[in-house]
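Got a structure for you, questions after.
The values are calculated or read from the model by the stated rules, or taken from the named source; none is laboratory data. All values reported here derive from a predicted model rather than from experimental measurement. With ideal geometry, Cβ positions are generated from the backbone for all residues, glycine too; neighbour counts draw on all protein chains shown.
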Amino acid sequence: MNAAGSSKRIVLHEDDVGMCHGANSAFLELSGLGVCSSGAVMVPCPWFLEMAESAAANPALDLGVHLTLNSEKQHYKWRPLTAPSRAAGLTDEFGFFWPDVATTRRKAVPQAVEAELRAQIDTAYRAGIDVTHLDAHMGAALSPEFCNIYIKLGLEYQLPVLLTKTLSAYSPNDNLVGVTEEAFQRGVALARAGGFAIFDAAIQTTWGRPRSRPIEPAYKALIDGSRLARRTADRRHRHEAVARGASRSALGGAIINNSPRQHRGRTAIGVGKGPQSGHPIRNVSRSSRPENGARGIGTATTNGRIR
């Protein structure tokens, strides 16, 4: 995700938490090691309660709700929380979610979708999870038929939603076959109008990647590009610090160097004037939890406003 005047920032995210014990264990271990920024839990899944128990015991976990409208495994299934009738179009003949997004888009009644997604968020809160954001399992809630519901719930619950600036930038778009860029952009425009920050890209690990390949090429390109942008920003900040140092000293202001330092619960970076100068210190949010009603995951802010 990018913001005006800032370098790129990367959110390392694990979804499908709650689907199985292994997903829960991986998320807890990676979060504990500091190599996973956040995760999202599938509330209708069998191992949801295990994850809810861990999250309630550790409020520091950054855990959102992976809004679920599909059950894609052949012999391992889950059902809607709302126990809808067949007329609602959410389930197959056995009462499980449809295995593919295309069928859900074709059959699901939007009112039933909203009721189910709302129930998943409410259940996560009741289970003790400090929900930090919303995203969509298999991208189903991003489809044109339901994206307005997705954004509506983000606004109502004051939670950031994961949405990319283009459909092609959303790597799990293989589940959104038939969705046009024009239709996807209607959702993006609605999210922007609601004040949400929009991600540049969402990249998923390729399931069929052989172990012999050490890193996803898309990941490497993103990380290398972010490092280059960061080095460029650091050079610019150092130049500004030198150029303005004398005048700031005369005013009694402080120059913040390029090392992160705490400022009112956020991490201040770059160059800014000290408290005597009356100018805001540029800062960057450390987590996806909204502050003062602001929405956005890792959003760059200036003086408390989303940029």
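Taking the stretch 124-144 as the region of interest, how many residues are closer than 21 Å to GLU72 by Cβ and surrounded by fewer than 19 Cβ atoms within 10 Å (Cβ to Cβ)?
Summing the residues that are closer than 21 Å to GLU72 by Cβ and surrounded by fewer than 19 Cβ atoms within 10 Å (Cβ to Cβ) in the stretch 124-144 gives 1.
Another question about this same structure. Any idea which of (1) surrounded by fewer than 14 Cβ atoms within 10 Å (Cβ to Cβ); (2) more than 18 Å from ALA127 (Cα to Cα); (3) modelled with pLDDT under 95 is the one SER6 doesn't satisfy?
SER6 satisfies all of (1) surrounded by fewer than 14 Cβ atoms within 10 Å (Cβ to Cβ); (2) more than 18 Å from ALA127 (Cα to Cα); (3) modelled with pLDDT under 95 except (1).
Could you count how many residues in the stretch 45-94 are closer than 22 Å to LEU33 by Cβ and aromatic (Phe, Trp, Tyr)?
Number of matching residues: 1.
Also: Starting from residues that are more than 23 Å from the chain's Cα centre (by Cα) and among the acidic types (Asp, Glu), keep the ones in the stretch 78-130 and report whichever is farthest from LEU159 (Cα to Cα).
GLU93
Taking VAL65 as meeting all but one of (1) of a type in the set (A, V, I, L, M, F, W, C); (2) at pLDDT 95 or above; (3) part of a loop (DSSP other than H, G, I, E, B); (4) farther than 17 Å from GLY22 by Cβ, write down the number of the exception.
Tallying (1) of a type in the set (A, V, I, L, M, F, W, C); (2) at pLDDT 95 or above; (3) part of a loop (DSSP other than H, G, I, E, B); (4) farther than 17 Å from GLY22 by Cβ, VAL65 fails exactly one: (3).
For every residue, the table says whether it meets (1) assigned to a strand (DSSP E or B); (2) among the β-branched types (Val, Ile, Thr).
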{"position": "ARG106", "(1), (2)": "no, no"}
{"position": "GLU114", "(1), (2)": "no, no"}
{"position": "ILE121", "(1), (2)": "no, yes"}
{"position": "ASP135", "(1), (2)": "yes, no"}
{"position": "ASN148", "(1), (2)": "no, no"}
{"position": "LEU153", "(1), (2)": "no, no"}
{"position": "VAL177", "(1), (2)": "no, yes"}
{"position": "GLU182", "(1), (2)": "no, no"}
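Regarding the stretch 80-98, can at least one residue be identified that is more than 14 Å from VAL17 (Cα to Cα) and touching a residue at least 60 places away in the same chain (Cβ under 8 Å)?
From the stretch 80-98, those more than 14 Å from VAL17 (Cα to Cα) are 80-98; that's our starting set.
From the residues that got through so far, the ones that are touching a residue at least 60 places away in the same chain (Cβ under 8 Å) too are none.
Looking for residues that are more than 14 Å from VAL17 (Cα to Cα) and touching a residue at least 60 places away in the same chain (Cβ under 8 Å), one finds none in the stretch 80-98, hence no.
Determine which member of the set PRO59, PRO46, PRO80 is in contact with a strand residue (DSSP E or B) (Cβ under 9 Å, 6 or more places away or on another chain) and either of a type in the set (D, E, K, R) or in a loop (DSSP other than H, G, I, E, B) (or both). Outline the logic, then answer.
Working: PRO59 fails: in contact with a strand residue (DSSP E or B) (Cβ under 9 Å, 6 or more places away or on another chain); PRO46 fails: in contact with a strand residue (DSSP E or B) (Cβ under 9 Å, 6 or more places away or on another chain).
Result of the check over PRO59, PRO46, PRO80: PRO80.
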